[in-house]
Amino acid sequence: MNLFTNILVLLAAILAVFWESAFHGIRHLIGVQVDLLPALVVYASLYGGFMTLCLLALVGGLGFDSLSANPLGTSVLPLFLSGLGIYASRDLILRDQIFAQLVLGFLASLLSPVLSLVYLLTTGHEPLFGWGTLWQLLVMSIGGALATPVCFEIFGLLQRMLGSRGPASQSSFRPDREIRRGRS
């Protein structure tokens, strides 16, 4: 992953946090705001480097916490841990398969809020927790699962449109060509 893609991922994290805090249409319709950061974490874990994953968890988590009721820094570690599990086994994952993207998006979207909730409960905070939480976790996980292949498609499209295409020109001479010198 090059610097251009890293900048695109961090910009997408900032835009996702802004979208979640500014547009409440989905929240009013189904009662839950779908979190897009776990979908971005899945993409960064599979296609990015370790530093990209760390920066995304830090920027996305701090941005999310600054615009929500969470204490600052609550979402950083859950996002990082969900991405680290994927990053550690990314050589074994079929990253181009939509089913794998759906499953990873579902798991990351489920694991991040559960780890945030565990963190809040163990540090003495009193989050709102009840039977509605299960509905919210289910809808957030399904929404994150559906958002993950969309993220992959958007980043693939941006890479094809704006990314480098390789060498500008190729030589017309083949490397296995024999050059005869002399008079024969």
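None of the figures in this text is laboratory data; all of them are computed from the coordinates on show. Please read all numbers here as calculations on a predicted model, not as lab measurements. In this analysis, Cβ positions are derived from the backbone assuming ideal geometry, glycine residues included, and neighbour counts consider all displayed protein chains.
In summary, the helical segments of the chain meeting the span-like criteria, namely a full DSSP H run, a Cα extent along the axis of 27 angstrom or more and a mean Kyte-Doolittle hydropathy of at least 0.0, are 3-22, 98-122, 131-162. For volume of the Cα convex hull per residue in Å³, the value computed from the atomic coordinates appears in the list [x] 136; [y] 189; [z] 149 under label [z]. Ordering 94-103, 58-67, 11-20 by mean Cβ neighbour count within 10 Å, with the highest value first, yields 58-67, 11-20, 94-103. At a threshold of 8 angstrom on Cα-Cα distance, excluding pairs fewer than six apart, so keeping six or more, what relative contact order does the chain reach in percent? Taking the mean separation of contacting Cα pairs over the length of the chain, I get 24 percent. Computed across the range 2-105, the Kirkwood hydrodynamic radius from all distinct Cα-Cα pairs reaches 14.1 Å.
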